[in-house]
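Report on the following structure.
The values are calculated or read from the model by the stated rules, or taken from the named source; none is laboratory data. No experiment lies behind these values; they were computed from the predicted model shown. Neighbour counts are summed over all protein chains in view; Cβ atoms, including those assigned to glycine, are modelled from backbone coordinates with ideal geometry. To get the accessible areas, we keep the full protein, side chains included, count just its heavy atoms, and leave off ligands, DNA and RNA. Shrake-Rupley method; radii C 1.70, N 1.55, O 1.52, S 1.80 Å.
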Amino acid sequence: MLVLGWNVDERISVPDNSRNAARGVVAALAGPRSVELQQYALPEPGPGEALLEVLRANVCGSDVGIFHHRNPVLRDVVLGHEFVARVSALGDGLIQDSAGTPVSVGDRVVVVYFRVCGRCRPCGRGEFNMCVHWADTMAAPPGRAPHFHGAFATHYHLAAGRHFYVVPDVLTDAEVAGANCGLAQMLFTSERMGVRRGLTVVVQGCGGLGLYACAIGAASGARVIAVDRDPRRIAAAVQFGAAEVVDLGVHTTAADRERRMLDLTDGDGADLVVEVTGRPEAFGEAVSFARTGGSIASVGNLGVGPGSELAISPATFTRKNLTVKGYLRYDPWYLRRALDFLVDTRDLHPYGTMSDRVYALDEIPAAVARTESGHAMRAAVVP
Ligand SMILES: [Zn+2]
Ligand SMILES: [Zn+2]
């Protein structure tokens, strides 16, 4: 049963069939670590819009930072952005997805979680992942119509012009729920970094992003070395294509790990390092893992706040001829590629097992804590 609470002390219950009624529920962030379930009338989709029913949403690493109010833009919001949904209602004129596939009520879809307007300066430069309107939906307060701005909710309002793709029938909800953030992000990152056969790729952190990075690296023919401390994540990294692992429980110091990395790379260091840990100190280790002339992708430390500064000598980058590049969001069509990638590799890797526990909408703080603990790949929310 869903439990609605305007605050912790005052909770009201609604019947299980609430999602079929004309009202829905969103998990609103009312303050740091304070989640309220709020009920709103379901919006009628206007021209080019759609109303979606959320089937499954994951707690992404960046949700953890938002939950703690570390994100400067996303404060008074509906939580959740990594999800798969089913079309409940289509507005006039919305007859196909962003790749031209016909869409009907009842189809499952994945949504590019940020807006790409196509008209701003970054979009004009082809830097679609940097669209200045990216947060138009995500940053909207829950009290503002059409209310259903996030994925930790019974429903999601798809605004006109937003990118979305119909999900192939062969993919389960659990397999595809991570496509629109984790997998599309890592496909974009890996392609921009030039991950390919013959290169050694270190993946620091084996949560959702890290496991996707392992799978993409393996599919590209690269040799993947995964770094983590949790035994379950390390085992998963091997299942997702890592050829070697560096276990922080065995190699307990940074110097130890650097030596191990040199041993595994004939004394060179790694061609490419993908940092997806959410731990600032891991970036310092990325610098030590990369070979001279190597590249580092900084992806995982989006959600860390003040107090996470590092002291690194700029000379390190010069001496090693390092390339360091941050990657945030992706060009929207990478989500279509993510669906193809899942269809192509679903027999190789157990995508459906990436979250080991499912939470209800009134358990969001527990789900976030589970992801934050570093022991789950992805906690999943099923409204
Ligand atoms: Zn995310
Ligand atoms: Zn734009």
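Find the residue count for region 300-342, including only residues that are in contact with a Pro (Cβ under 7 Å, 6 or more places away or on another chain) and surrounded by 15 or more Cβ atoms within 10 Å (Cβ to Cβ).
3
Go over the candidates GLY178, GLY217 one by one and state the one that is more than 16 Å from ligand 1 (Cβ to nearest atom), open to solvent by less than 10 Å² (accessible area, probe 1.4 Å) and either at pLDDT below 95 or closer than 25 Å to LYS325 by Cα (or both).
The unique qualifying residue is GLY217.
So for region 247-265 (the condition being in a loop (DSSP other than H, G, I, E, B), of a type outside the set (A, V, I, L, M), open to solvent by 10 Å² or more (accessible area, probe 1.4 Å) and closer than 20 Å to VAL195 by Cα), does at least one residue qualify?
Yes - at least one qualifying residue is present in region 247-265.
Which residues, taken from region 102-116, are part of a loop (DSSP other than H, G, I, E, B), of a type outside the set (Asp, Glu) and buried (at least 16 other Cβ atoms within 10 Å of the Cβ)?
VAL103, VAL112, TYR113, PHE114, ARG115, VAL116
Here is a yes/no grid of residues against (1) touching a strand residue (DSSP E or B) at 6+ places or on another chain (Cβ under 8 Å); (2) away from ligand 2 (no atom under 16 Å from the Cβ):
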position	(1), (2)
PRO47	no, yes
VAL73	no, no
ALA89	yes, yes
VAL111	yes, yes
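Test VAL73 against the criterion of being more than 19 Å from LEU183 (Cα to Cα), open to solvent by less than 50 Å² (accessible area, probe 1.4 Å) and not assigned by TED's automatic domain parsing to the domain that holds CYS206, and give yes or no.
In short, no.
Any idea which of (1) touching a strand residue (DSSP E or B) at 6+ places or on another chain (Cβ under 6 Å); (2) away from ligand 1 (no atom under 16 Å from the Cβ); (3) closer than 23 Å to ALA22 by Cα is the one GLY80 doesn't satisfy?
(2)
Quick test for you: out of ARG86, ARG56, pick the one residue that is of a type in the set (Lys, Arg), without any contact (Cβ under 8 Å) to a residue 60 or more places away in the chain and in a strand (DSSP E or B).
ARG86
HIS157 fails exactly one of the following numbered conditions: (1) closer than 22 Å to GLY46 by Cβ; (2) within 16 Å of ligand 2 (Cβ to nearest atom). What is the number of that condition?
Single failed check for HIS157: (2).
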